[in-house]
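Visitor: Mind having a look at this structure? Questions to follow.
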Amino acid sequence: MGHDNPFVTGKAVWQVGHKNSGLGLKTAFVSKEANKVTEAVSHIRGNKNSKVYHLPAGCPSYDRVSPKNVVNFKSEQEAISAGYRKAGNCS
């Protein structure tokens, strides 16, 4: 089909020092059932050791949670219900 995008064709090339950009964390899509625009869920990242959660935007420590300690939540309410509190450095 002539796609030049390596992510569409499956030909992504990763290099040493690659940093995730966070692009694509939030997207809009049309719900087939309700035929309305809904915002896709961003992953809220919790730290299972500290019981603190971080938002993908506005929380500078979001990318600093050790992968072995990450707990993903679909909403802030889900994190709070699980006993987590919002990181103090989130704006």
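Visitor: Rounded to the nearest 10 Å², what accessible area does K48 show when all protein chains are kept and the probe is 1.4 Å?
Guide: We get 100 Å² for K48.
Visitor: Accessible area, 1.4 Å probe, largest first: how do H54, H43 sort?
Guide: Solvent-accessible surface, decreasing: H43, H54.
Visitor: Suppose the chain between S91 and S66 were pulled fully straight at 0.36 nm per residue; how much longer would it get relative to their current alpha carbon spacing?
Guide: 6.9 nm
The values are calculated or read from the model by the stated rules, or taken from the named source; none is laboratory data. Computed from a predicted structure; not experimentally measured. Heavy atoms of the whole protein, side chains included, go into the accessibility calculation; ligands, DNA and RNA do not. Shrake-Rupley method; radii C 1.70, N 1.55, O 1.52, S 1.80 Å.
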